[in-house]
Amino acid sequence: MNSKRKPLTLIINEKLIKDPSVDPEQTVLSYLRDNLRLTGSKLACGEGGCGACTVMVSALAKSKNEIKHYSINSCITPILSLHGLAVTTVEGIGNLKGGVHPVQERIAKAHGVQCGYCTPGFVMSMYTLLKNVPQPEKKQVEEAFHGNICRCTGYRSILSGCYTFCKNNKTVDIEELSLGDGSNLYCKKSFDASDWKNYKTCNGETIPLKSLKIDEEFQHEKKGKCWIRAESIQHLTTLKFNHPEAPLIAGSTELSVEKLTKKEEKSAILIHVPHYLDNTIEQDGNCMIVGCSTTLTDLEDYVKNHDRDFNTFEAIEECLKYFGSNQIRNVATVSGNVYTSSPISDLIPILVATKSSVILKSKFAERKVYINEDFFTGYRKNVIEDIEIISKFIIPMTLEKNEYIRFYKQAKRKYDDISIINACFYVKLTNDQTIEDIRIVYGGISFRVVEATQTSEKLIGLKWNKKMSETATCNLIKELFITKGSPGGEETYRNNLLLSLYFKFYLDVCQKLDGFKHENSVQTISGIQLFDAIPGENTIGKSLSIPAALKHTTGESDFICDMPKFENELIIYPIICPIACAKFNLKNREEILRMEGVIDIWDWKVFYDCWKWKSVSYYVSSIIALIATDETIYAGQPIYFVIATDLAMAEKAGILMEIEYNRVETPLLTVDDAIAANSFHKSKAYPSIELGDVEEEFKRSDEVLVGEVNVGKQEHFYMETQSALAVPRDGDALDVYSSTQNVGGDHRYIASILDKPQHLINVICKRCGGGFGGKENQAITTSIPASLVAEKFKRPTRYIMNRQIDMQVTGGRNPMKAKYKVAFSKSGTIKALEVTIYMNSGYSMECGYDVGIKCVKSVGGGYRIPHMSVNVKFCKTNIVSNTAFRGFGTPQAAIITESIIENIAHKLQLGSDHIREINMLKDGEPTKLCGHASLTSMQNDSLGKCWREMMKLYKVEERKSSIIQFNKENRWKKRGIASTVVEHYIGFNKGCLMQGNALVNIYRDGSIYLSFSGVEMGQGLNAKMQQVASSALNVEYDRIYIPDTSSYCTPNSTITAASCGTDVNGFAVLDACQKLNRRLNGVREKFPNASWEEIVSGE
């Protein structure tokens, strides 16, 4: 085996790489970041779902002798699979020193950058598109981004920048249209593209791919793992015969995601099936013959070039449109989809419905097997023998006029998501519309894809009409009913989907029979942004890109994960418990400690009395657990910390741990569970609102309505996960780099737990890759363990949660159940409202008390309700403590309030906007807010003016009329429109938190150093502070440098949150600049014509 070993050879950013020693399990992303220090591509989800890791691969197509470019998710692609290919990363297309690429420039200058963590992925998706289509359509731009997630921008600005590459970009966009009411009020674009680089003049990138040989035999071995690339079908069958246990790797879109969840020892041999092995697609009579290494993109391109009206081609195209993303489809194969035999596979239902078959080939034999229910022998198991491979697919095509086949899918998001339920339906009708043959196939309702054969038998011979449809639905629910407790949950919802997807097929066929042309078009995305353009040189109010925008687009911005690794650095990897209320025991501790690279395993005893810290919530005695004691509180709670020298070794140790769990009691998970068990957090006070006499008003009211509103949980999904790096310094000091919204809070907690004076701890946050409230209090879950380990071992320690762990260890938006009683007149005037809110706080209160205060104050917000009683109860459950989230209780309150409004309108058969308007706060009427008079009462009819302006500018009434008409004319497709009122106040409940501090240093060359207490996390805070300082000091914007937020430079800082970061820090910066101006006034008066440099130089 060693005699055939060859170095990995590929081109990365136009440079030839030859590496003789590569771990066969290493991903492209890991190789780029850890081996080559190309950290522009980011790890965000680790499973090919977000696109932050996107890079471009270029391959020499053997058949056409031309270079093919395609995007991939580098986080799940094995680096050895790219032997003989070329990789281009965000660093390879442009940088600040050598010049940026037009894609980088346009995304940055169109304000398509906020926190910047996802930006390199968007850049590379667009760059790849332009390499293949230099002047794309707008629709192609949007499709290129289906595999990319941005948590900050809302995508409009990214698309606006990238649309400038489109050949039809000269057409009028919605942002350039007047409102059509004669006002000449136009939306203003927030950028001027006139001086941007021309893409054509910059498209000189070359990839010397032809110097590589992609068809040579390749084998590579390291750490007991051997990677072998198959060079022919015969070679592949021989490899599989010699190594039947070895997995076949093509796109690795499934195996890479599952590798951390499998406890069993994986095979020492990894067999690579390269794309070029057999990616042929041919037509043989009425069948399509598909080669074993054909990718989903190959198949998609083929079917798009054929007639697709209600035939197999259209079903496949519809399936692949929503199958993963471009990055996934570019490498995932048809064979891989069948090999894994997932019950929610999108492609398998089509193969079953079309009676497709596979040619299974071994070294000495070949057989044809139909893909049907018998093909699947269990969950993710099939009839393929260990020594067999899939050689070909034979897919029959529906070509006759009276044959109809369609594919449908329901998922939580439209693109790049797994199915909840999918289905493929086939029917063949006679000339009189009698069913001659029908097949109904579902995925997502059993351990395998299933066909409703009993229902189909009963439908054959029936006319295609309403009566037949009723027969079908009755039989389907009997045959395929999903019982309570079935894997996947959501049984009622999935049963409804089961029938809904069938009914959709029935309607589509009916429309086709009636001559209705099926349309499946998607409108291009557009949006509107209104802002005031302030004339003059003053930077305040200007639409300026954030200072680091170009650094983000070039991948040069460093996050904690990008900081260079120290030679003696330690890594923390948490082991989380999958069971709440359970005792646990690590049975092979000593064995794990003997593993290479494992330094120690910590449990709660190591933390002594530091395993918990007091909650920041007022009035409530509550704790937050860093690690479980001898019994877990919630599923997902850390129970051990593996301390190692390498992340891969720490993860391997976690996989090999043998942990015994024993549940000791049934956990409480929901609000209803807590109510039934009377499980509530105790508090010295509870947030409430009491106005007027609610009970008396209920007695004399015309109408009374009782109901409840449920608001679910929401995850933050900040792109940069919870991250920290603690570095011991001279003099027993410690620098802690933390991705946090709360530098001051981290600082205090770390110093307290380490029992050190605060002047020995410096907490630093250069930038935060998104927060949304999730890093106000829970960033300490990484910074404290990192600090403790660094303190004990006196070694730099990095703790970065992966996405799966982050979403289990940290909380989200508080789920709530509101039980209400509302009194109102027959005209719709609200007289009294009584609401009890049950808030799922989790196992501790965390900042739940403050969320409760804001929620209570926001219920009924914007409306005059003279009699109100609103209170909240904090449910104590066995889930992770929920935490701050953008809006901080107001979104839940708004949903509760607007649901009540809608229910009143429904009861009275009146328009909901009418109910809103007659109850809306008028001038002088009190709000439920506190503080200045402008908050405690409505002034200048501001809410009414805002409402009327909205109704007029956006022609809400006209839209309603057109929607009503559309809904009358369309039985099944419906449209709607909603207008809501939200009363939201910014800032904190305590005045002491409403303060900021700033340090401004002016150097003698005229440059300025600015540090302040706020954290830049994508909201543009640094840009705003530069604008304030630039205006206050009357200097150029780019003279000012903001390094980071540091507890040494700006001590005792408050949380950057509550929509007040600009206000509190802006006034701090302004105050500092005004003090400096007073010191400089004497020089200015003495030398009125002096330049800024002359004023500050002292010469």
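The values are calculated or read from the model by the stated rules, or taken from the named source; none is laboratory data. The structure displayed is predicted, hence computed values, not measured ones. All Cβ positions, even for glycine, are placed from backbone atoms using ideal geometry, and neighbour counts span all protein chains on display.
A few remarks follow.
- Selection within segment 746-793: residues that are part of a helix (DSSP H, G or I) and of a type in the set (F, W, Y). The member of this set that is nearest to Y640 (Cα to Cα) is F793.
- Residue list for segment 441-457, filter: surrounded by 17 or more Cβ atoms within 10 Å (Cβ to Cβ) and not acidic (D, E): V441, Y442, G443, G444, I445, S446, R448, V449, V450, A452, T455, S456
- Those residues of segment 358-378 which are assigned to a loop (DSSP other than H, G, I, E, B) and either more than 17 Å from G336 (Cβ to Cβ) or without any contact (Cβ under 8 Å) to a residue 12 or more places away in the chain (or both), in sequence order: S362, K363, F364, A365, N372
- Checklist (1) in contact with a strand residue (DSSP E or B) (Cβ under 8 Å, 6 or more places away or on another chain); (2) part of a helix (DSSP H, G or I); (3) modelled with pLDDT under 90 applied to L935, failing item: (1)
- Taken over segment 943-958, residues that are in a helix (DSSP H, G or I), out of contact with any Lys or Arg (no Cβ under 9 Å at 6 or more places or on another chain) and without any contact (Cβ under 8 Å) to a residue 60 or more places away in the chain amount to 9.
- T471 vs. criteria over 30 Å from the mean Cα position of the chain (by Cα), modelled with pLDDT under 95 and not assigned by TED's automatic domain parsing to the domain that holds N148: no
- Checked against the criterion of being basic (K, R) and closer than 21 Å to H984 by Cα, the candidates K831, K826, K854, K873 yield just one match: K854.
- Taken as a whole, the structure leaves T39 outside the set of residues that are at pLDDT 95 or above and under 25 Å from L277 (Cα atoms).
- Among the candidates M801, M868, M845, the residue that is of a type outside the set (S, T, Y) and touching a Pro at 6+ places or on another chain (Cβ under 8 Å) is uniquely M801.
- Residue satisfying all of: in segment 794-815; more than 17 Å from the chain's Cα centre (by Cα) and assigned to a loop (DSSP other than H, G, I, E, B); nearest to V709 (Cα to Cα) among these: P815
- Yes/no for S827 being surrounded by fewer than 22 Cβ atoms within 10 Å (Cβ to Cβ), farther than 30 Å from G48 by Cβ, hydroxyl-bearing (S, T, Y) and touching a residue at least 24 places away in the same chain (Cβ under 8 Å): yes
- Failed condition for N1001, given (1) touching a strand residue (DSSP E or B) at 6+ places or on another chain (Cβ under 7 Å); (2) assigned to a helix (DSSP H, G or I); (3) surrounded by fewer than 20 Cβ atoms within 10 Å (Cβ to Cβ): (2)
- Comparison of I389, I421 shows that the only residue that is more than 28 Å from V509 (Cβ to Cβ), surrounded by 14 or more Cβ atoms within 10 Å (Cβ to Cβ) and in contact (Cβ under 8 Å) with a residue 24 or more places away in the chain is I389.
- Test for G842: is it modelled with pLDDT under 95 and either buried (at least 21 other Cβ atoms within 10 Å of the Cβ) or among the polar types (S, T, N, Q) (or both): no
- Residues (in a loop (DSSP other than H, G, I, E, B) and surrounded by fewer than 24 Cβ atoms within 10 Å (Cβ to Cβ)) located in segment 102-144: H111, V133, P134, Q135, P136, E137
- Note on segment 647-745: enclosed strands (runs of 3 or more DSSP E) holding 3 or more residues that are surrounded by fewer than 17 Cβ atoms within 10 Å (Cβ to Cβ) are 659-663, 688-691, 703-711.
- Qualifying residues in segment 554-608 (those that are in a helix (DSSP H, G or I) and of a type in the set (S, T, Y)) - the one nearest to M124 (Cα to Cα): T554
- Whenever a residue of segment 691-705 is in the same structural domain as E834 (by TED's automatic domain parsing) and more than 10 Å from S869 (Cβ to Cβ), its partners that are of a type in the set (F, W, Y) and not in a strand (DSSP E or B), lying with C-beta atoms within less than 9 angstrom and at least six residues away or across chains, give the pairs V704/F698.
- The conditions of being assigned by TED's automatic domain parsing to the domain that holds I371, part of a loop (DSSP other than H, G, I, E, B) and within 26 Å of E318 (Cα to Cα) are met by R448.
Matching residues to (1) assigned by TED's automatic domain parsing to the domain that holds L647; (2) without any contact (Cβ under 8 Å) to a residue 60 or more places away in the chain; (3) buried (at least 24 other Cβ atoms within 10 Å of the Cβ):
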residue: R748; (1), (2), (3): yes, yes, no
residue: A751; (1), (2), (3): yes, yes, no
residue: D755; (1), (2), (3): yes, yes, no
residue: V763; (1), (2), (3): yes, no, yes
residue: T782; (1), (2), (3): yes, no, yes
residue: A790; (1), (2), (3): yes, no, yes
residue: F793; (1), (2), (3): yes, no, no
residue: M807; (1), (2), (3): no, no, no
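- The single residue among R156, R151 that is modelled with pLDDT of 85 or more, basic (K, R) and surrounded by 21 or more Cβ atoms within 10 Å (Cβ to Cβ) turns out to be R151.
- Residue in segment 417-434 that is nearest to the chain's Cα centre (by Cα), counting only those that are over 23 Å from K355 (Cα atoms) and of a type in the set (V, I, T): I418
- Test: residue in segment 664-684 that is under 17 Å from I853 (Cα atoms), at pLDDT below 95 and of a type in the set (F, W, Y): no
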